[in-house]
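Read the structure below first, then the notes.
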Amino acid sequence: MTLFVEQCLNGLQFGLLLFLLAAGLTLVFGIMDLVNLAHGSLYMLGAYFAATFAAWTGSFVLGAVLALGATLVVGMAVEVVAMRRLYGRDHLDHVLGTFGLILFFDEAVRLIWGPGGLSLPLPSWLSQPVHILPGIEYSAYRLAIMAVTLTVAGFLYVLVMRTRVGMLIRAGASNREMVAALGVNIKLLYTLVFGLGAALAGLAGLMQAPILTVQIGMGENILILAFVITVIGGIGSIRGAFVAALLVGFIDTLGRAFFPQLLHAFLGGPAASTAAPALSSMLIYILMAVVLVAKPEGLFPAGAK
Amino acid sequence: MRKTLLAAGAALLLAAAPAAAQQKSIKIGFVSTFSGPVAAIGNDMRNAFELALDHMDRKMGGLPVEVIYEDDGFKPEIGKQKTEKLIESDKVDFVSGFIWSNVVYASYKPIIESKTFLIIANAGETRLAGENCSPFIFSTAWTNDQNPHAVADYMNHKGVKSVYLIGPNYAAGKENLAGFKDAFKGKVLGEDYTTWPSQLDFSAELAKAKAANPEAVYMFYPGAAGVQFLNQYAQAGLKGSIPLYTTFSIDSLSLPRQKDAAVGVISALQWSADLPNDANKKFVVDFKKKYGTEPSFYAAQSYDAANLIASAVAATKGNLSDKAAVQKALEKADFKSVRGGFKFGPNHYPTQNYYMQEVVKEGDTYTQKTMATAEENQPNPHASKCSMK
């Protein structure tokens, strides 16, 4: 039982983190109709900035805040310099262009920080486990990630559903031409949205950094999951991304946690231990396939209510 | 006029003739990972190989040496392509390097089919030491199951009764954990294999290990994954309550990033920077002088690989066309290894000591200190399966 609770917390934490990454991706994809493969690079930059600023200032929190600002600025700069050339072109051009950006950022990071990678040590109040229920200890840092992500999710909800900018974002997701025709400065809106997406990716990266490591190419594996979430949740829908991210987080973690034992009951030992990790990593793709068949638009298609 | 032309022509021919008959230079292909998250390992291997060449004035048996470094991109299919290129278009005399078991296993066939010598400097794929061994394959490292075997021996000796195992789900991971289980006399309470190399978050596996409440945890995560594992082990509250044992997960490349998370973790290796022999002292000092960093075990094995090749070239006086003579010379292993004595078993894998190392913090630096010898003159366990054809 203790184990189950802990695994659920792990799933929740992983799902919430994926949400941050997927939210930025789905915003950019849904509103700007831009396939951004370089989203993972911004995730990586967030982590590198945080490690650097935290080392300079000696404070983890200050480093994180500065890194967030830096990724926002880099994101907006990338939009102005590179992304603007890609609007209105074929999706294949987006893939090609943003793939180029991945190579650019990977090499830039190698030049600036070297190939070895960095580490982002946690302050002691975050690196210890805490008692959350009698008998259940859980990593304080993972709890902090959940708190921050839920706050950001709330902030995004208010921003998108309750503010004028949010209204424009939603309108842009439904019909861009009409928004532009109504005299909205769509260029500025796009720069803002892209910067926001970048900051969300950067936040995910810098929060993941103490758990994983800060290294070149760190964003590429996790980006695949973010795309899966975008597809499951419905492109352009923040709410869809939230639900899908939690689903993927739970399925991935609980699959890894309990699937091997389940399989051991049916198969012999060696066969099960080889097949279990392979099969449990397939579970989320099976979910995606099912969603694509049942609801090709995703669980919460943007534009619909 | 015509005479001078003829004379010049004759002179040219004369100059060219000996070169055609004899080998002009030694060509070595070196396949490793020089890009992506684990590029640091490949760079360390290249640095050590270059240092070895510096130490021999970049000459083997009096002939200049040319090394062609190729990046496998951490992928078996790319490693295979690069190897084929080295064999077919560069026509190298030796191929060395290889970090990853799956890469070397995908790449070894074209090497031995062309009767080129393969000197593996790390990857410990067991089949290349056993049923797929070849007169053309040599290793200056180990097979994946040997170091974990030494760790398990040490834990038996310490009286550890139960263990939980975690490792990556690929050839080396499975062989590593199998080697451990083979030697461990206590109870294995559970084992988890994670998707490699994409899975980086081990929270689910660590929670299971914690719930199983073993006396120790054994894990194997090379490269950056080792940093992540140790961070998460500490964050989950396991560090300090359950002792952690490992192989190949802590080295001079990852230790500067693992820091406190690695202190107290125990592992086994055939080499360590503090081994007191002269070749090792020179290697460690010069490596630090040239590159400003501590050499890793990957570097030590690559340094040995370069010296092994040089010993064979010198013994055959650069006549590499006599394959049987080169093989004989390699088998003699007539060079000063940084691990101390070096001799090959019948399957061309070294018979060697395994030392236990513990991570300690001295002042502000973290190092791996040799604390015990776990196994002495341990032969490779796959020799009996090798028919050497």
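Numbers for the structure displayed
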{"read-out": "Magnitude of the charge dipole, the stretch A:117-219, Cβ model with Lys/Arg +1 and Asp/Glu -1, debye to 20", "value": "360"}
{"read-out": "Mean projected area in nm² (Cα convex hull; one quarter of hull surface) for the protein assembly as shown", "value": "37.3"}
{"read-out": "Relative contact order (%) - chain B, alpha-carbon pairs under 8 angstrom, separation at least six", "value": "18"}
{"read-out": "Computed [θ] at 222 nm, helices only, for chain A once each DSSP H run of length n ≥ 4 contributes -39500 (n - 2.57)", "value": "-26000 deg cm²/dmol"}
{"read-out": "Calculated log₁₀ intensity ratio I(q)/I(0) where the Debye formula runs over C-alpha points of chain A, q = 0.11, 0.14 Å⁻¹", "value": "-0.70, -1.10"}
{"read-out": "Coil-residue trypsin sites (Lys or Arg not before Pro) of the stretch B:161-244, DSSP, other Cβ within 10 Å capped at 16", "value": "B:K161, B:K185"}
{"read-out": "Neighbour-count order for B:V163, A:V35, fewest beta carbons within 10 angstrom listed first", "value": "A:V35, B:V163"}
{"read-out": "15 Å beta-carbon shell around A:L118, net charge (K/R +1, D/E -1)", "value": "+2"}
{"read-out": "10 Å-binned pair-distance histogram of the stretch A:206-246 (Cα, whole percent)", "value": "29, 40, 30, 1"}
{"read-out": "Cα-based helix-to-principal-axis angle, A:238-266 vs chain A, degrees rounded to 10", "value": "20"}
{"read-out": "Residue-wise HN-Hα coupling along the stretch B:32-39, computed from phi with Karplus coefficients 6.51, -1.76, 1.60 (Hz; x: Gly, Pro)", "value": "7, 9, 10, 9, x, x, 9, 4"}
{"read-out": "Electrostatic dipole magnitude of the protein assembly as shown [Cβ: Lys, Arg +1; Asp, Glu -1; Cα centre; debye, to 20]", "value": "680"}
{"read-out": "Among A:L182, A:L103, A:L126: highest mean-square fluctuation, GNM of chain A, C-alpha pairs under 10 Å", "value": "A:L182"}
{"read-out": "Helix-only mean residue ellipticity at 222 nm for chain B, each DSSP H run of n ≥ 4 adding -39500 (n - 2.57), per residue, nearest 500", "value": "-13000 deg cm²/dmol"}
{"read-out": "Karplus-derived HN-Hα couplings along the stretch A:70-75 (A = 6.51, B = -1.76, C = 1.60, θ = phi - 60°), whole Hz, x at Gly and Pro", "value": "5, 5, 4, 5, 4, x"}
{"read-out": "Cβ-defined net charge surrounding B:N319, 14 Å radius [Lys, Arg +1; Asp, Glu -1]", "value": "+2"}
{"read-out": "Antiparallel bridges, percent of DSSP beta bridges restricted to the protein assembly as shown (to nearest 5)", "value": "40"}
{"read-out": "Label point 7 Å beyond Cα of B:R58 along Cβ direction - residues of the stretch B:304-319 with amide nitrogen under 18 Å", "value": "B:306-307, B:310"}
{"read-out": "In degrees, nearest ten, helix B:171-183 long axis to first principal axis of chain B (Cα)", "value": "60"}
{"read-out": "Within-14-Å neighbourhood charge of B:L53 [Cβ basis; K, R +1; D, E -1]", "value": "-1"}
{"read-out": "GNM flexibility winner over chain A from A:V61, A:V293, A:V78 (Cα, springs under 10 Å)", "value": "A:V293"}
{"read-out": "For B:E66, distant residues with modelled amide H under 5 Å away", "value": "B:I26, B:K27, B:I28"}
{"read-out": "Angle in degrees between helix A:91-113 and the longest Cα principal axis of chain A, rounded to the nearest 10", "value": "70"}
{"read-out": "Chain B: most fluctuating residue of B:P243, B:P197, B:P135 per GNM, C-alpha cutoff 10 Å", "value": "B:P197"}
{"read-out": "Average Cα contact separation per residue, chain A, under 8 Å, 6 or more apart, as relative contact order %", "value": "35"}
{"read-out": "Virtual paramagnetic centre 7 Å along Cα→Cβ of A:R110, amide N under 11 Å, in the stretch B:51-89", "value": "B:71, B:73"}
{"read-out": "Inter-chain shielding of B:39-46 (mean C-beta neighbours from other protein chains, 10 Å cut-off)", "value": "2"}
{"read-out": "Peptide B:248-254, shielding by other chains (average Cβ, 10 Å cutoff)", "value": "1"}
{"read-out": "For the stretch B:164-217: rounded, prolate or oblate by the Cα gyration tensor [a/c cutoff 1.5]", "value": "oblate"}
{"read-out": "Placed amide H near B:Y355: partners under 5 Å, 5+ positions off or other chain", "value": "B:L269, B:Q270, B:W271, B:A374"}
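Readers should treat all values here as calculations from the given coordinates under stated rules, not as data from a laboratory. No experiment lies behind these values; they were computed from the predicted model shown. Reconstructed Cβ throughout: ideal geometry from the backbone, glycine too, with neighbour counts over all protein chains shown.
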